[in-house]
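The values are calculated or read from the model by the stated rules, or taken from the named source; none is laboratory data. Since this is a predicted model, take the numbers as computed values, not measurements. Note that we place each Cβ from the backbone using ideal geometry, even for glycine, and neighbour counts take in every protein chain shown. For the accessible areas, the whole protein counts, side chains as well, though only heavy atoms, and no ligand, DNA or RNA atoms are used. Shrake-Rupley method; radii C 1.70, N 1.55, O 1.52, S 1.80 Å.
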Amino acid sequence: QVETLKAKLLEQTQEISRLRSELGGTDAEKHRDLLAAENERLRQEMKVCEGELRELKQQQQAPCRACAHLQENIELQEQLSQLQQELEETRAKLAELDLEVQQKTNRLAEVELRLKDSLAERAEEEERLSRRLRDSQETIASLRSQPQHIKYIIKTVEVESAKAKQALCESQSRNQYLQEQVGMQRQVLKEMEQQLQSSQKTAAQLRAQIMMYEAELERAHGQMLEEMQAMEEEKDRAIEEAFSRAQVEMKAVHENLAGVRTNLLTLQPALRTLTHDYNSLKRQVRDFPLLLQEALRSARAEISQAIEEVHSTNRELLRKYRRELQLRKKCHNELVRLKGNIRVFGRVRPITKEDGEGPEAANAVTFDADDDAILHLLHKGKQVSFELDKVFPPQASQEEVFEEVQALVTSCIDGYNVCIFAYGQTGAGKTYTMEGTASNPGINQRALQLLFSEVRGKAADWDYAISVSAAEIYNEALRDLLGKEPQEKLEIKLCPDGSGQLYVPGLTEFRVQSVEDINKVFEFGHVNRVTECTNLNEHSSRSH
């Protein structure tokens, strides 16, 4: 075991020597010297950059006042100040790196001292163990030469062997401690190597930045020189142009001066003429108040005569308008009387699926090609003819139907009672003819639009009041659709004024101003209708 311990101590000594040769203070000092040289070179480059900056500042201290690129010079100065600030930051970083290198050098010195102490302690321990080993060997040799005292000597050897074991344990623990110290020192050296590598990378980056700044400074310097040269050329060109323009303007001034002199010579007769005209105008101005009063009197007389003629013309036109209005009303009423106060039209709707399909389906209604007032109907195998005021075929449009009844709106405005209604069996098309759709309205909407259009056209001469009421007859009972209680039954009576007209007492009325107002009233009335639908048409009902 003692021999093994010696071999281990020898290996540790060789390992420590190898570590000293690989990572000793010599390499750290070399690296520190390299960093110091690099820092010195960077300081020299910074001094050169500062000298160039001072030269550029001196060149910029006396700028051309007439220069058109002053703003660009200011921007270049700002860029130079930014570069100088970045150089100061680089200098600060270099100082920090110097301090860090110094700290790492001090730590390396401390590691060397600790390694030297460890080696000295190992040498002392080896010497002590060697002495004890020699003593043990001498004791063993003396014991071998004395066989009569074997028992005692054996005990003594055992005691000495126990002490040697204890010393061996202490040496092993000490060796383990030294190995731990060596491992720690290796880790510290690795960390220092990493820090040195990062410092080298930072220094390389700083060198690259300084080279970039130098290139930027050279480019800025070249650009400033080019701009100064361009500004000088532009200044010379501007001076030449200004000089040439001044010559041209002076020439034009001389020519104008000669022309003015010529004009002065020619204006003297004109001045005499103007003086004569001025004197005559002065005399006219003295006489102007009298002329103005006379002109005002004649103008007043002419205006009064014109106003009187307009009044007389207006009176004549009003008389003619009233006469024409009476004549139009008379002619319209005569036309209505000739057509008949009661007119009946027939409208045939298109064929639908409900009318039947297949070969047995046949059209029961035919029209007369020569007379649009005759309708033929096939009834029980026989043809029956009906004569009406007009018959509208299935292809007739809503506009054609309304053209036949729009004259009644004029009669209504003239003061006559007008009633338009549709009757027929369920599904005959009564609702479509009277109400229509939003895109293709029926008689109701078209008549109301025409009514309000006529009212607006005569609003300057007449005042109209339009009111709306809505009622229905359902199961022989009259109901008010706009009242608070639609279920209340009403009665139809004669007017007490003896005119023979009919009216419904208690029927609700609403004053309206437009077609939209009437549609709102109709919507309210539709809500109160009896809406028991038929099998053919769910939009209509059995009420009237």
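In the context of the full set of protein chains, region 397-462 has a per residue accessible area of 59 Å² (1.4 Å probe). Keeping the other protein chains in place, figure out the carbon and sulfur percent of the accessible area of region 205-308, with a 1.4 Å probe. Of the solvent-accessible surface of region 205-308, carbon and sulfur hold 61 percent. The modelled label-to-label distance between Arg261 and Leu10, using points 7 Å beyond Cα along the C-beta direction, is 12.9 nm. Taken per residue, the accessible surface of region 205-308 reaches 84 Å², heavy atoms only and a 1.4 Å probe.
Grouping the Cα pair distances of region 397-462 into 10 Å bins from zero gives a pair-distance distribution of 19, 48, 26, 6, 1 percent in increasing distance order.
Extension gain, Gln166 to Lys382: 0.36 nm times the residue separation minus the Cα-Cα distance gives 63.0 nm. Taking amide H as placed 1.01 Å from N in the peptide plane, Ala470 has its amide H under 5 Å from the amide H of Leu481, Leu482, each at least 5 places away in sequence or on another chain. For region 427-483, the normalised intensity computed at q = 0.15 Å⁻¹ comes to -0.69 (log10 of I(q)/I(0), Debye sum over alpha carbons, equal scatterers, no solvent). Projecting the Cα atoms of Gln406, Ile420, Thr437 onto the charge dipole of region 397-462 (Cβ charges, centred on the Cα centre) puts Thr437 farthest toward the positive pole.
Carbon and sulfur atoms: what percent of the 1.4 Å accessible area of region 385-544 do they account for?
Using a 1.4 Å probe with all protein chains present, region 385-544 comes out at 50 percent carbon and sulfur.
Computed from label points 7 Å out along Cα-Cβ, the spacing between Asn475 and Ala362 is 4.2 nm. Residues whose amide H lies under 5 Å from that of Arg347, counting only those 5 or more places away or on a different chain, are Phe392; hydrogens are built 1.01 Å from N in the peptide plane. Restricting the chymotrypsin sites (Phe, Trp or Tyr not before Pro) of region 415-510 to loop positions (DSSP other than H, G, I, E, B) with no more than 12 neighbouring Cβ atoms within 10 Å leaves Phe421, Tyr423, Trp462, Tyr464.
Given R₀ = 30 Å, FRET efficiency for Ala120-Asp98 by Cβ-Cβ distance, to 0.05?
On the way: r = 34 Å, r/R0 = 1.12.
The computed FRET efficiency comes out at 0.35.
Near Leu478, the amide H atoms lying under 5 Å from its own belong to Leu490; only residues 5 or more places off or on other chains count, and H is placed 1.01 Å from N.
A straight chain from Glu309 to Thr139 at 0.36 nm per residue would run longer than the Cα-Cα distance by 44.2 nm. Take the Cβ atoms of Lys47 and Gln187, set R0 to 30 Å, and the FRET efficiency comes out at 0.15. Computed from the Cβ-Cβ distance with R0 of 35 Å, the FRET efficiency linking Leu490 to Glu516 stands at 0.80. Past 26 Å, Cα to Cα: identify those pairs from Lys47/Lys93; Lys390/Lys520; Lys8/Lys190; Lys458/Lys484, in the order given. Beyond 26 Å between Cα atoms: Lys390/Lys520; Lys458/Lys484.
Working note: Karplus 6.51/-1.76/1.60 with θ = phi - 60° gives region 281-294 the couplings 5, 4, 5, 5, 5, 5, 8, 5, x, 5, 5, 5, 4, 5 Hz, where Gly and Pro are set to x.
Going by the alpha-carbon gyration tensor, a ≥ b ≥ c the square roots of its eigenvalues, is region 205-308 rounded (a/c under 1.5) or, if a/c is not under 1.5, prolate (a/b greater than b/c) versus oblate? Cα axes put region 205-308 in the oblate bin.
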